[in-house]
């Protein structure tokens with residue numbers, strides 16, 4: 001789309017296109033002044049200045065001292081790196097998740113933390129007709145899911161409290177944990193035993209077990225889980241299920257560059 005066509009767009013679309021036009025121009029130069037930038041993107045200096053100040057306040061653009069020179073920060077790189085990390089993670093996890101699916105015939109999920117929720121970034125459906133309903137991209141609470149507990153358990157407690165301070169502890173079932181005070185000791189147990197559980201906390205009749213996946217820095221970047229209808233779950237088999245999950249998560253973690261998987 002040509003810059004000249006921007007005025008024909010709805011205001012919100014036009015603004016987005018202008019922002020990306022400025023970002024693209026900034027990406028082509030180490031630093032650039034407002035006059036040159038406005039000429040390059042064919043916008044008024046006042047419009048460019050207004051957008052630059054907003055992007056500066058959000059951390060995407062830096063101003064060189066007191067000059068009128070502006071440059072991109074590394075924040076866009078960080079966003080891109082996160083996206084690439086998820087692509088690599090999903091590629092590495094897919095084979096292991098399919099092995100787990102073949103061995104258990106149950107639903108397998110890979111979930112990541114996104115602000116105050118988990119987001120499913122990959123899944124393999126159960127081979128049974130009676131199965132958990134979910135989809136890639138779906139969000140679920142941290143406090144009532146096995147993956148959510150795993151994603152929190154290896155984080156600093158102050159960070160966990162900050163994350164939990166902004167969530168609504170919705171009671172999905174009579175078993176749901178509904179306060180930070182009740183959840184914190186559960187997270188300690190998850191970290192000690194190496195896996196998290198959802199025992200009909202998010203949905204009655206459903207149980208989930210999840211284990212951590214680490215990146216090359218030893219940071220938990222996702223949780224790998226198996227979900228069962230309670231009628232197909234047996235406590236006698238839990239140890240075997242956890243071992244299978246750990247074996248898969250260990251392999252995925254190694255593919256992500258971490259070779260000291262603790263379980």
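Put simply, of 173, 180 the only residue that is surrounded by 14 or more Cβ atoms within 10 Å (Cβ to Cβ), free of Cβ contacts under 8 Å to residues at least 24 places away in the same chain and out of contact with any strand residue (DSSP E or B) (no Cβ under 6 Å at 6 or more places or on another chain) is 180.
Can you find a residue that is outside any helix (DSSP H, G or I) and touching a residue at least 60 places away in the same chain (Cβ under 8 Å) anywhere in segment 154-170?
yes
The residues on offer are 191, 157, and the sole one that is touching a helix residue (DSSP H, G or I) at 6+ places or on another chain (Cβ under 6 Å) and at pLDDT 90 or above is 191.
This table checks each residue for (1) in contact (Cβ under 8 Å) with a residue 40 or more places away in the chain; (2) in contact with a strand residue (DSSP E or B) (Cβ under 7 Å, 6 or more places away or on another chain); (3) in a helix (DSSP H, G or I); (4) crowded, with 16+ Cβ neighbours inside 10 Å.
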residue	(1), (2), (3), (4)
189	no, no, yes, no
198	yes, yes, no, yes
201	yes, no, no, yes
237	no, no, yes, no
252	yes, yes, yes, yes
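Looking at the structure I just gave you, is residue 217 outside the structural domain of residue 108 (by TED's automatic domain parsing) and either assigned to a loop (DSSP other than H, G, I, E, B) or crowded, with 18+ Cβ neighbours inside 10 Å (or both)? For residue 217, the condition - outside the structural domain of residue 108 (by TED's automatic domain parsing) and either assigned to a loop (DSSP other than H, G, I, E, B) or crowded, with 18+ Cβ neighbours inside 10 Å (or both) - is not met.
The values are calculated or read from the model by the stated rules, or taken from the named source; none is laboratory data. Source: prediction; values computed, not measured. Note that we place each Cβ from the backbone using ideal geometry, even for glycine, and neighbour counts take in every protein chain shown.
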